[in-house]
Amino acid sequence: RYCMPFSFNCSNCILEELLSQIQFTQNRKTKQTKIKHVYQSPRRWCYRSYRKHVVQMMLDAGHKVVAIVRSKESMLQKLNKDKKYDDDQLEIHEASIMEMKEEDLVEVTKDCNFVVSCLGHNISFKGMYLQDRKLVTDAAKKLTKAMPSSCKFILMGSDGVAQAGVDPPRSRLEASIIFLLRYLVPPHADNEAAAAYLLSDTTSFEWVTVRPTNLVDAEEANGKYNITEKVEVSLFGDQTVSRNNVAHFMVELMTKKDTFTKYLHKMPVVVDIPEEKAPSDK
């Protein structure tokens, strides 16, 4: 039995969108890098989630899933429409984590082996600056307090969140961008605080924070990705990972004991293995 709280927006997309609006130019003589902001339509801040992939993969593997979502109808529309799931396999609670009482969360998670948090902020001014500025952190605290002591917790994070003492130092440029995000974009600070909360407790419960790099869409998970225990790519690099492969890794954490044990109390980074391009005929 697996409990998975979800919301409608991926907080990792915030960092991706902000970085996509920054243009880097280099002075050929001085070799100095300049940053120029490039405005792009906020409609690109669309929601593309891996939550449906996690749920679908777990259901296909025959596991029971308990999902806490804001819209049951939306959740069902994203699953395989050719299959019907009864309450014994898929239990959906339409609610907001922050509005649920502790006793309700205790009841929902009481038989769960894993709790997976894929929460994120609504990509709007209201969602980012006015409502639940610490949504991810507060939800992680509520869930880990309510779930059984034997239950394991998996948090969806971002490779923009550093693990002190493990990740190599960022360049001055990258550190400056992250500093600005920390104080100007509440969801990024929220992701950092959620990771820090888990890092501060390695005795009360078992956890893993998954840090995907730049997210892209794909037809299906191909399982071709690398997992590293520290960030090894640039914040502005072209490395990507499909949402399907991120979900695949999260399912591996839940279904393979050795995999979870390997990354226990760690923040693994997920990066797709680039496909080799076939040589062109000249």
Please verify whether region 216-239 includes one or more residues that are small (Gly, Ala, Ser), open to solvent by 50 Å² or more (accessible area, probe 1.4 Å), modelled with pLDDT under 90 and not in a helix (DSSP H, G or I).
-> yes
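Restricting region 182-197 to residues that are among the hydrophobic types (A, V, I, L, M, F, W, C) and under 21 Å from residue 117 (Cβ atoms), which is surrounded by the most Cβ atoms within 10 Å (Cβ to Cβ)?
Of the residues in region 182-197, the ones among the hydrophobic types (A, V, I, L, M, F, W, C) are 184-185, 189, 193-196.
Right, trim to under 21 Å from residue 117 (Cβ atoms) and you get 185, 189, 193-196.
Working: 185: 18, 189: 18, 193: 19, 194: 26, 195: 23, 196: 13.
Per the stated criteria, the residue is 194.
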If a residue has to be open to solvent by 70 Å² or more (accessible area, probe 1.4 Å) and hydrophobic (A, V, I, L, M, F, W, C) to count, how many in region 169-181 make the cut?
-> 2
Cβ-Cβ below 9 Å, separation at least six or inter-chain, first residue in region 210-228 and within 8 Å of residue 242 (Cβ to Cβ) and touching a residue at least 60 places away in the same chain (Cβ under 8 Å), second surrounded by 14 or more Cβ atoms within 10 Å (Cβ to Cβ) and hydroxyl-bearing (Ser, Thr, Tyr): which pairs?
-> 215/50; 215/240; 215/242; 217/242; 221/242
Touching a Lys or Arg at 6+ places or on another chain (Cβ under 8 Å) and surrounded by 20 or more Cβ atoms within 10 Å (Cβ to Cβ), is that true of residue 209?
-> yes
Answer yes or no as to whether residue 63 is in a strand (DSSP E or B), under 29 Å from residue 205 (Cβ atoms) and either modelled with pLDDT under 90 or not basic (Lys, Arg) (or both).
-> no
Among (1) assigned to a loop (DSSP other than H, G, I, E, B); (2) within 22 Å of residue 62 (Cα to Cα); (3) in contact (Cβ under 8 Å) with a residue 60 or more places away in the chain, residue 253 falls short only on (1)
Pairs, first in contact (Cβ under 8 Å) with a residue 60 or more places away in the chain in region 164-184, second charged (D, E, K, R), C-beta under 7 Å, six or more apart = 166/229; 166/230; 167/230; 168/230
Please find, within region 198-215, the residue that is farthest from residue 115 (Cα to Cα) out of those that are within 16 Å of the chain's Cα centre (by Cα) and not in a strand (DSSP E or B).
-> 213
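Please go through region 66-95 and pick out each residue that is of a type in the set (D, E, K, R), outside any helix (DSSP H, G or I) and in contact with a strand residue (DSSP E or B) (Cβ under 9 Å, 6 or more places away or on another chain).
Of all residues in region 66-95, those of a type in the set (D, E, K, R) come to 70, 72-73, 78, 81-84, 86-88, 91, 94.
In the following step, the residues that additionally are outside any helix (DSSP H, G or I) were identified as 70, 81-84, 86-88, 91, 94.
Within region 66-95, 70, 91, 94 meet the criteria.
Please work out which residue is modelled with the lowest pLDDT, limiting yourself to region 96-121 and to residues that are outside any helix (DSSP H, G or I) and open to solvent by 30 Å² or more (accessible area, probe 1.4 Å).
Initial filter on region 96-121 (outside any helix (DSSP H, G or I)): 96, 100-101, 110-121.
Applying the additional criterion that residues be open to solvent by 30 Å² or more (accessible area, probe 1.4 Å) yields 96, 101, 110-111, 113.
Working: 96: 87, 101: 94, 110: 92, 111: 90, 113: 94.
Among those residues, the one meeting the criterion is 96.
Assess whether residue 264 counts as being modelled with pLDDT of 95 or more and either of a type in the set (A, V, I, L, M) or touching a Leu at 6+ places or on another chain (Cβ under 7 Å) (or both). Walk me through how you get there before you give the answer.
Working: modelled with pLDDT of 95 or more: yes; either of a type in the set (A, V, I, L, M) or touching a Leu at 6+ places or on another chain (Cβ under 7 Å) (or both): yes.
So residue 264 fits the description; yes.
The values are calculated or read from the model by the stated rules, or taken from the named source; none is laboratory data. Just so it is clear, the structure is predicted and the values come from calculations on it, not from any experiment. Positions of Cβ are backbone-derived with ideal geometry, glycine not excepted, and every protein chain shown enters the neighbour counts. Only protein heavy atoms, including side chains, enter the accessible area calculation; ligands, DNA and RNA are left aside. Shrake-Rupley method; radii C 1.70, N 1.55, O 1.52, S 1.80 Å.
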